[in-house]
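For reference, the structure discussed in these notes is given below.
The values are calculated or read from the model by the stated rules, or taken from the named source; none is laboratory data. In this text the structure is predicted, and so the values were computed from the model without any measurement. Neighbour counts run over all protein chains shown; Cβ positions are idealised from the backbone, glycine included. Side chains included, ligands, DNA and RNA excluded: accessible areas come from the protein's heavy atoms. Shrake-Rupley method; radii C 1.70, N 1.55, O 1.52, S 1.80 Å.
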Amino acid sequence: MNQKLLLGAVALACALRLDAKITLPQLFQDGMVMQRGQAIPVWGTADAGEQVTVVLNKKYATVTADGEGRWRVNLTAMKAGGPFVLEVRGSSNAASQPTQGTGATVGNDGTATADVVTLSNVMVGDVWLLSGQSNIDVTVERVYPWYTTDIDTYENPNVRLFRVQNETDTHAPRTDIRPTRINWKPANKQNAWLFSAVGYFLGRRMYEKSGVAQGVIVNSWGGTPIEAWIGADSLKAYDPLLVEKTRIYDNGDFVSAQQRANQQANQQWNRILNELDPGMATVKSAAAGSKDEYLFTSLTYDDSQWQEVSQWNNTWAYKHPSPITHHPSPIIGSIWLRQHVTVDKAHAGQPARLLLGTLFDADQTYVNGQLVGTTGYQYPPRRYDLPAGLLREGDNVITVRFINKYGTAHFIKEKPYLIAFGDDRQSLNPLPKDVIKLSETWKHHEGALMPACPSGDVSLQNLPATLYNAVLHPLAPYAVAGVVWYQGESNTGNAAPYERLLTMMIGNWRALWQRPELPFTVVQLANYMEPSEQPQNTGWSVLREAQRQVALKLDNVELASAIDLGETVDIHPLRKREVADRIGLCFDRLVYKDKKVKLMPQIVDRQVTGNTITLTFDQPLRPRAELHELEVAGDDGHFHNAEGRAEGSRMVITSPVDNPRRVRHAWKNNPIRLNAYSAEGLPVGPFEETL
């Protein structure tokens, strides 16, 4: 009887143990990088009251799950090294000792659930969290033509990449993020292709600096304002209505209905557009082997009656006159442009790449009747590969169908428009050697005129606190060396509150991580838009100054300026490796405590003698007999262009007005003539100083 009871008890205990589950957050996976030199938090869920033991590199900690099954341990700080095995073991026996090497179960979605979870190939090194909007989002694929050889040849298993999957939550902070496809992947061209270019280059650069494993966590979303990244409790103290604005959308049925309506409206709009567009009629083409082609895309189509237009004089993008206003108005709908290109025998049949710069807004592009690429919105560069055999000797035709739901169709200047051949055809730095430049003259035909497309898109990612809730809060308290914040473009329309909001956000995140000293590097917005010879006072300048002031006022915050790395016509400039290098310099100072590192020049003294203003910096400047992008204001507050020079550590400015009160540098959307640099080669960033 006693033996049967004992066997029954053992069987019951085994059954209970098989039902018990250890669950780790999505960040904890094979190949992960954990932060050296500080306590390493590990957390998850188990059965309520279950004892959980965590083992890494011969160090372990034990804790009992609370009444809701939550648990957390802090492993003691470790030196860099690995690969190690991380084991998390659940046990009802308080006297049990941790062991390693037992099996683990990992679900299809990447979530580990088992009595024992074992993660392999774990490194201890440095971990960086990068967040913000689209200039963090910009992928390696986008910048690849600028760094082709470098990206092609680089592989490093000690630089590992993790991309947080986009998600929103209008209700409350979540405890975990969604599964993701880039989950601690080693850095190589394939794994990095759709990963943040800034993150990729930063990981590489910090590995070269430190020689230890680097983990790069990217958590960004294009077009999002800073308010989306701040917790509701912090925002309530700033403006309670911001939180109430989000609560309006805290209704799944309402949001789903809005999103469904928007999708249906777009589908219906596109369906009607294609029905009305004469160029979308299908024809049999002898040149294409009697395959169906769209009428206006066919090589054999007779476009001799089409109007010739210049791509830079986009009167072709207007209806003359509008039947409603009786004035020219932008065409909403479709517009067709065709261009004939002669290809010689040597290039006929070769694979090539068509570069169509950047277009507004969407396009469908055909070569000799074959669709070679389509892009759904204005920002991505049009780089369309032409397969071998598509181009033929003699006449070839490129057809671009513009599709606009708003705004005015146009080509973006200062971008390449050409067909590139040869092994270097993917490069933009330098441009390929063997090219056929496209003509600026196209043949034009209207497509279909449409009414504006109705929109019910709720854009939850732009609402206050939604990203903090869904993708930021779940990451804490994962140990990181520092944070990169590259955001602000979406707040330039109302830049005045940005200094307060950025200060609030940094404090919010530091409190979440329980690290008041958590290092931040803020990337100051790049130069962008049409240059101006006269003083400007725009949201871009005000926001850059807010970024500078936050870096000056808060401890453990540095500023990495991109003010000379931008592009006049592109809000997403390509020089991301240079941005990453400047971020890396900030972390050399903040995290690695390298006192020899020189960052951007900072003003340490101001003197005014008559009409001469002398600003003294904390380091030598490159000597310049003439400095540009300087402005001075007097008692009336109106700014005027000023002349200056750089001598040693001083910037000497001649005021054009009596009693100078304020001085500005690079205070424009695009201060393209900026030429004040430190001796180390970093720009003197934008500033406004009261004298």
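Quick notes on this one:
- Heavy-atom accessible surface of residue 36, to the nearest 10 Å², is about 70 Å², with a 1.4 Å probe and all protein chains retained.
- Stretched out straight at 0.36 nm per residue, the stretch from residue 248 to residue 318 would grow longer than its current Cα-Cα span by 21.3 nm.
- Only the Cβ atoms of Lys and Arg (+1) and of Asp and Glu (-1) were treated as charged; on that basis the dipole of the chain about its Cα centre amounts to roughly 1560 debye.
- Qualifying trypsin sites (Lys or Arg not before Pro) for the range 424-457 [loop in DSSP, other Cβ within 10 Å: at most 16]: 433
- For residue 30, the accessible surface of its heavy atoms amounts to roughly 80 Å² (probe 1.4 Å, protein chains only, rounded to the nearest 10).
- Only Lys, Arg (+1) and Asp, Glu (-1) charged, at Cβ; the range 532-691 dipole about Cα centre in debye: 500 debye
- Summarising the strand pairing of the chain, around 80 percent of its internal DSSP beta bridges are antiparallel.
- Based on C-alpha pairs under 8 angstrom that are at least 6 apart in sequence, the chain has a relative contact order of 12 percent.
- Among residues other than residue 629 with Cβ under 9 Å from its Cβ, the summed charge is +2 (Lys and Arg +1, Asp and Glu -1).
- Total charge dipole magnitude, the range 184-342, about the Cα centre, Cβ charges on Lys, Arg, Asp, Glu only, Debye to nearest 20: 600 debye
- Normalising the average separation of contacting C-alpha pairs (under 8 angstrom, six or more residues apart) by the number of residues puts the relative contact order of the range 312-352 at 24 percent.
- Too-long pairs where the Cα-Cα distance tops 30 Å, listed order kept, from 576/668; 284/415; 209/553; 189/405; 189/209: 284/415; 189/405
- Helix-only CD estimate at 222 nm, as mean residue ellipticity for the chain, using -39500 (n - 2.57) per DSSP H run (n ≥ 4): -6000 deg cm²/dmol
- Of 299, 249, 309, farthest towards positive along the dipole that unit charges on Lys, Arg, Asp, Glu beta carbons give the range 239-314: 249
- Relative contact order of the range 577-691, defined on C-alpha pairs under 8 angstrom at six or more residues apart (%): 25 percent
- Rounded Å value of the spacing that divides the Cα centres of the range 140-165 and the range 444-478: 27 Å
- Neighbour cut-off at most 16 other Cβ (10 Å), DSSP loop, chymotrypsin sites (Phe, Trp or Tyr not before Pro), the range 384-460: 406
- Pairwise label distance in nanometres, residue 66 with residue 503, each label 7 Å out on the Cα-Cβ vector: 3.2 nm
- Candidate cross-link partners of residue 595 among the aspartates and glutamates, defined by an alpha-carbon separation under 20 Å and a same-chain spacing of 8 or more, comprise 126, 208, 517, 555, 558, 581, 618, 680.
- Inter-centroid distance (Cα atoms) of the range 257-303 relative to the range 606-638, Å: 59 Å
- Cα-based helix-to-principal-axis angle, 498-513 vs the chain, degrees rounded to 10: 30 degrees
- Computed from the C-beta positions of residue 155 and residue 607 and an R0 of 41 Å, the FRET efficiency is 0.15 to the nearest 0.05.
- What separates the Cα centres of the range 565-599 and the range 190-217 is a distance of 14 Å.
- Net charge of neighbours whose Cβ lies under 13 Å from the Cβ of residue 503, counting Lys and Arg as +1 and Asp and Glu as -1: +2
- Nearest-0.05 FRET efficiency for residue 374 and residue 414, computed from C-beta distance (R0 22 Å): 0.40
- Think of the chain as a dipole: +1 on every Lys or Arg Cβ, -1 on every Asp or Glu Cβ, centred on the Cα centre; then among 118, 130, 394, 118 lies furthest on the positive end.
- Angle between the chain longest axis and helix 252-276 axis [Cα atoms, degrees, rounded to 10]: 30 degrees
- Cα→Cβ-extended label distance, 7 Å offset, between residue 515 and residue 434, nm: 5.1 nm
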